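> Attaching a single structure in structure tokens format; questions to follow.
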Amino acid sequence: AQSVTQLDSQVPVFEEAPVELRCNYSSSVSVYLFWYVQYPNQGLQLLLKYLSGSTLVKGINGFEAEFNKSQTSFHLRKPSVHISDTAEYFCAVSLPGGTSYGKLTFGQGTILTVHP
Amino acid sequence: EPEVTQTPSHQVTQMGQEVILRCVPISNHLYFYWYRQILGQKVEFLVSFYNNEISEKSEIFDDQFSVERPDGSNFTLKIRSTKLEDSAMYFCASSDPSGNEKLFFGSGTQLSVL
């Protein structure tokens, strides 16, 4: 079975500062890795994903994440945050192959709060 | 951008009652999912549905739960006899068959069982 740990439940940061949201996973087999974001009163939406290939993936809204197989991590970064980035961020994994990608195992979420 | 729509946004029911949560997935999507999040806990996979049958289900998805696509647009989750511990936010999601491994989520239905 797979599991995901997001190391920070809340991350406060000032506007225009860089931010890193940490995610570690556990799996005995290769997995797909995802970051989803949930803005208030909205559904989760995909920020970025790692399926294979280049370990640095870029997503929407200026976010990027790096897959580190040896450390089983998939940390999310943004060099300069905006007030509008305030949201809850979820790291997730799934198994590759067929339609298994839709069976996501989520971390507990990290609430990012950007202060002016 | 097309959206997954869930109704109602909040539903209150008495323990032991049946409840149906409704979702309208994106029109050209073929894969459908239900997830739930109990307050303070992780978002958990319940079930996936494709070609009018369940593809996968979790241990949570016992005989009290069922899913249905009654027509070409709706996707429903039924809980036959609700328990207090069924209180949670329920998210519907859908994805298309293009292989881009992206789920589109609705904004959820908050179910409160009293």
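> I need a count of the residues in the range B:70-96 that are touching a residue at least 60 places away in the same chain (Cβ under 8 Å), surrounded by fewer than 16 Cβ atoms within 10 Å (Cβ to Cβ) and not in a loop (DSSP other than H, G, I, E, B).
2
> Quick one: how many residues across the range B:1-15 are among the aliphatic types (A, V, I, L, M), assigned to a loop (DSSP other than H, G, I, E, B) and more than 15 Å from the chain's Cα centre (by Cα)?
Total meeting the criteria: 1.
> Among the listed residues B:VAL4, B:VAL67, which satisfies the condition of being over 28 Å from A:THR110 (Cα atoms), within 14 Å of chain A (Cβ to nearest Cβ) and either at pLDDT 95 or above or open to solvent by less than 70 Å² (accessible area, probe 1.4 Å) (or both)?
Matching residue, one of B:VAL4, B:VAL67: B:VAL67.
> Just one of A:ALA92, A:ALA65 is of a type in the set (A, V, I, L, M, F, W, C), under 20 Å from B:SER58 (Cα atoms) and open to solvent by less than 70 Å² (accessible area, probe 1.4 Å); which is it?
Among A:ALA92, A:ALA65, only A:ALA92 is of a type in the set (A, V, I, L, M, F, W, C), under 20 Å from B:SER58 (Cα atoms) and open to solvent by less than 70 Å² (accessible area, probe 1.4 Å).
> List the number of the failed condition for B:GLU18; all other conditions in (1) of a type in the set (D, E, K, R); (2) at pLDDT 95 or above; (3) closer than 25 Å to A:GLN2 by Cα; (4) over 12 Å from the mean Cα position of the chain (by Cα) hold.
B:GLU18 satisfies every listed condition except (3).
> Right, here's the next one. Take the range A:14-26 and flag every residue that is in contact with a strand residue (DSSP E or B) (Cβ under 8 Å, 6 or more places away or on another chain) and open to solvent by 20 Å² or more (accessible area, probe 1.4 Å).
Answer for the range A:14-26, where residues must be in contact with a strand residue (DSSP E or B) (Cβ under 8 Å, 6 or more places away or on another chain) and open to solvent by 20 Å² or more (accessible area, probe 1.4 Å): A:PHE14, A:GLU15, A:PRO18, A:GLU20, A:ARG22, A:ASN24, A:TYR25, A:SER26.
> Now a separate question. With respect to A:LYS103, is the statement that it is within 11 Å of another protein chain (Cβ to nearest Cβ), without any contact (Cβ under 8 Å) to a residue 40 or more places away in the chain and of a type in the set (Lys, Arg) true?
yes
> B:PHE61 is checked against (1) in a loop (DSSP other than H, G, I, E, B); (2) touching a helix residue (DSSP H, G or I) at 6+ places or on another chain (Cβ under 7 Å) and fails just one. What number does that condition carry?
(2)
> Quick check on my filter: what residues within the range A:27-56 are open to solvent by less than 60 Å² (accessible area, probe 1.4 Å) and among the small types (Gly, Ala, Ser)?
Result: A:SER27, A:GLY43, A:GLY53.
> Under the condition of being touching a Gly at 6+ places or on another chain (Cβ under 6 Å) and within 14 Å of chain A (Cβ to nearest Cβ), which residue from the range B:70-94 is farthest from B:GLY40 (Cα to Cα)?
Restricting to residues being touching a Gly at 6+ places or on another chain (Cβ under 6 Å) and within 14 Å of chain A (Cβ to nearest Cβ), the top hit is B:CYS92.
> Pick out the one residue from B:SER48, B:SER27 that is without any contact (Cβ under 8 Å) to a residue 60 or more places away in the chain and touching a helix residue (DSSP H, G or I) at 6+ places or on another chain (Cβ under 9 Å).
None of the other options fit; the residue is B:SER48.
> Which residue is nearest to B:SER9 (Cα to Cα), if the candidates are limited to the range B:97-114 and must be exposed (fewer than 15 other Cβ atoms within 10 Å of the Cβ) and touching a residue at least 60 places away in the same chain (Cβ under 8 Å)?
Checked the range B:97-114; the qualifying residue nearest to B:SER9 (Cα to Cα) is B:SER112.
> Related question: Where the second residue is hydrophobic (A, V, I, L, M, F, W, C) and surrounded by fewer than 22 Cβ atoms within 10 Å (Cβ to Cβ) and the first is more than 24 Å from A:VAL11 (Cβ to Cβ) and lies in the range A:85-100, which pairs have Cβ atoms under 8 Å and are six or more apart or on separate chains?
That search, which allows pairs on different chains as well, returns A:LEU95/A:VAL29; A:PRO96/A:LEU51.
> For A:LYS58, work out the one condition from (1) more than 19 Å from B:LYS42 (Cα to Cα); (2) modelled with pLDDT under 95 it doesn't fulfil.
Checking A:LYS58 against (1) more than 19 Å from B:LYS42 (Cα to Cα); (2) modelled with pLDDT under 95, the one that fails is (2).
The values are calculated or read from the model by the stated rules, or taken from the named source; none is laboratory data. Just so it is clear, the structure is predicted and the values come from calculations on it, not from any experiment. Neighbour counts are summed over all protein chains in view; Cβ atoms, including those assigned to glycine, are modelled from backbone coordinates with ideal geometry. The protein model used for the area step is the full one, side chains on, heavy atoms only, and it has no ligands, DNA or RNA in it. Shrake-Rupley method; radii C 1.70, N 1.55, O 1.52, S 1.80 Å.
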